[in-house]
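Okay, structure first, notes after.
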Amino acid sequence: MKYRWVFLLASGALLFGQGLPQARELERLGEGGREVLVLGLEAQGFDKLRPHQRKFAYYLYRAAIAGNDITYLQNHRFALDIKELCEVLYTHREGMDPEILAGLEDYLKQVWVHHGQYRHWDHVKFVPAKLSFTQLQQAVKTAKKNGAQFHFSKDEPVERALVRLKPHIFDLKVEPVLVNLAPGQDPVKTSASGLYDPGLTLKEIQALPQEAQTRLNVRFGRKGKRVVAEPFMIGGVYGEQLDLVAFWLRKAAQYVDNEMVEKEIGKDGVKVKKMRYEPVALQKKALDELVAYYESGDLARFQEHCVAWVQTKGAVDYLNGFHEVYKDPRAVVGSFEANVSLRQDSEALDRLSQNALYFEGKMPWKDAWKRAKVDPPVAISVQALVETGDAGPISPAAYNLPNGNEFRKQHGSKNVVLQNVMLADSPEIRQKTLEAFYLPEDQELIKKQGDQARLWQVYLHEVIGHGSGQPDASLEGADPSVKLGGVYSALEECRAEAVALYQVADPKLVEIGAVKLEDQPTLAQAMYLQLLTRQLRANGEATGDVLRSAHRRGGQAILNYLTQPGKDFGVAVVEKEGRFYVQVADAQKARIGVAEVLDKLQTCKSMGDRAGAEAFFESYGNKVNPAWQKDVQTRLAAIGRPRETAFVFPTLVPVMEEKNGREVLKEVRLEAKETLAEQMLRFRSWGRSRELAPK
Ligand SMILES: [Zn+2]
């Protein structure tokens, strides 16, 4: 059969060449506005889509919103109740004491941003900055006067719910960490994660059959004396939400792209070739299998979905499923996340992907651990329209999914760079950060090449970093991630980041047009400076004396390795007038250090050497540097830089019309004017509604 990709015109040509939209600063949350910077994200090109593609995007958008609550449930068993309580209070706030209202509002917004009472990246609990328990009780009284109805499970009265939730809202010592990976402690028992019933231990999980232990989509509970692994599915765990997600996905499946297909049609014994439009089979299959997976909990169906999804190329892209494992203390169970995005032209990215095998050959580790065959990874650059669950309002810059070494070896993966998210920042904060954290002699370089360096850091990290390398033959097909346990995520992030730093100096980048020959040394210089400075800053953003997020532990390991005493890798953290700065004197020497890091990490990964990996991160990656922390905190306070950035996404507005006495979707418009509270309250009602255009 011959295919003609009709929609390519709309995706590539029209989106190309448009400048990136700016983000709007909307508000700052937390004490002194220091916790979260809220930016209003914009996207361009939606109006250039064909009408049915806009409808396709809209149904996927509704599916993403319908799953948002799952992340609360996964983060903590009471997180959704905390949100419910605060949202009902907030929507019944008339006549509320202004001070109480301000305290409630600030806390609720942070609960929205993080999906519960634990911070998204470092997994540490936070409590209301300006709200006491007595004030919360007062707020309940006011709201009840205004007719508030609270919906907790088993029709629990709000007074009793308040008592139950009090320590989880106000006491930092109660279940302080969502994911606890401190050495020597039971990660399951000491983590607050909603994926396990309280009191369960790692030993109990390890006593379950292998299938349950390694399964991506289960929650562990206690039934009497038994420990059970219950799948995420309609009619099972998160069944209510998944039912609605599937409802919208089924609608989306009716609007996949069409393609012109040549068909042979038999007529009076004569075969005639005819061209006709048919739904793009891969797009349709990806959605059908996803729905079947939510209906059955059967991972074989999810695998089928992923196989089709990885190859799917449409003007509208999406993500929907349980993927990343950062929020599981065992790094096995996936977090729900969903998004909808618009593809952009990305020629340089395509060329990078075409050369993945070349870069694999240049990796600084043993040949036996290099893949002999690398299918060019699917790599796309998009503008995010919405992200929910674990993917937003706090968003990654890019992702490479699905996970799983076996899958990647057979079917590859899809690398998606979220360009509008990645480059969004408040211009004011951007300038102040530059001046506060870079030496004067480096500021011009970062200004000139910082964005380009960041872009290629992400491309290299995602496109050739995560997918590289292979397990040693002695592992006999065992998945290194299972062998490495909780340390796997940090190792993998560190490895991908180091790949970016290592390969940025490769001549191939000039050949594929990523950078001009004369600019390559400074691009590499900018990437080292920027990545390591970002990491130095992370020390000041951390609470306590250990780093918790996999990305931050990975970055710390590289920074500490390159600046360790007794070795000269051309990189130093220098102190000037009591302030610390990263100095990169020789990026070529630094590359030698990065090669050593990569060799060590790949050895641990390929051999499944858990003790080795843990020892490496204990030496270089886990600990906060107290001197850097103190200094960075002062500087961050001086420029008022919030710890996190969260996004308010554009709104997809359904335009309805009447057809044969029925309200149908006529058109979809894109707007960008909501506030965080407006968006989240809309998600609250839309996330539970089957109406095409909820009021
Ligand atoms: Zn990564």
- Note on the structure: Taking the stretch 159-189 and keeping only residues that are surrounded by 20 or more Cβ atoms within 10 Å (Cβ to Cβ) and either modelled with pLDDT under 95 or more than 30 Å from residue 98 (Cα to Cα) (or both), one is left with 175, 177, 178, 179, 180, 181, 187, 188
- Go through (1) surrounded by fewer than 21 Cβ atoms within 10 Å (Cβ to Cβ); (2) touching a Leu at 6+ places or on another chain (Cβ under 7 Å) one by one and return the number of the condition residue 94 breaks. (2)
- Does residue 450 satisfy the condition of being touching a Ser or Thr at 6+ places or on another chain (Cβ under 8 Å) and either touching a residue at least 12 places away in the same chain (Cβ under 8 Å) or within 12 Å of the ligand (Cβ to nearest atom) (or both)? no
- Residues that are acidic (Asp, Glu): which helices (runs of 4 or more DSSP H) entirely in the stretch 42-136 hold 1 or more of them? 68-75, 79-91, 98-114
- Got at least one residue in the stretch 190-201 being charged (D, E, K, R), surrounded by fewer than 21 Cβ atoms within 10 Å (Cβ to Cβ), farther than 20 Å from residue 114 by Cα and touching a residue at least 24 places away in the same chain (Cβ under 8 Å)? yes
- Note on the structure: Going through (1) surrounded by 24 or more Cβ atoms within 10 Å (Cβ to Cβ); (2) of a type outside the set (A, V, I, L, M, F, W, C); (3) more than 16 Å from residue 531 (Cβ to Cβ) one by one, residue 470 fails only at (1)
- Where in the stretch 193-300 are there helices (runs of 4 or more DSSP H), lying fully within it, with 2 or more residues that are touching a Leu at 6+ places or on another chain (Cβ under 9 Å) and modelled with pLDDT of 95 or more? 239-253, 281-296
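Scan the stretch 508-521 for residues that are closer than 12 Å to residue 355 by Cα and out of contact with any helix residue (DSSP H, G or I) (no Cβ under 7 Å at 6 or more places or on another chain) and jot them down.
511
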- Item | Every residue from the stretch 388-407 that is under 26 Å from residue 76 (Cα atoms) and either among the β-branched types (Val, Ile, Thr) or away from the ligand (no atom under 16 Å from the Cβ) (or both) | 388, 389, 392, 393, 394
- Message: Can you find a residue that is under 30 Å from residue 218 (Cβ atoms) and either among the hydroxyl-bearing types (Ser, Thr, Tyr) or not in a strand (DSSP E or B) (or both) anywhere in the stretch 359-372?
- Response: no
- When the stretch 408-436 is checked residue by residue, the ones that are among the aliphatic types (A, V, I, L, M), in contact with a Ser or Thr (Cβ under 7 Å, 6 or more places away or on another chain) and more than 14 Å from the ligand (Cβ to nearest atom) are 421
- Item | In the stretch 460-479, the residues that are modelled with pLDDT of 90 or more, within 16 Å of the ligand (Cβ to nearest atom) and not in a loop (DSSP other than H, G, I, E, B) | 460, 461, 464, 465
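The values are calculated or read from the model by the stated rules, or taken from the named source; none is laboratory data. Predicted model, so just to flag it, every value in this text is computed and none were measured. Cβ: placed from backbone, ideal geometry, glycine included. Neighbour counts: every protein chain shown.
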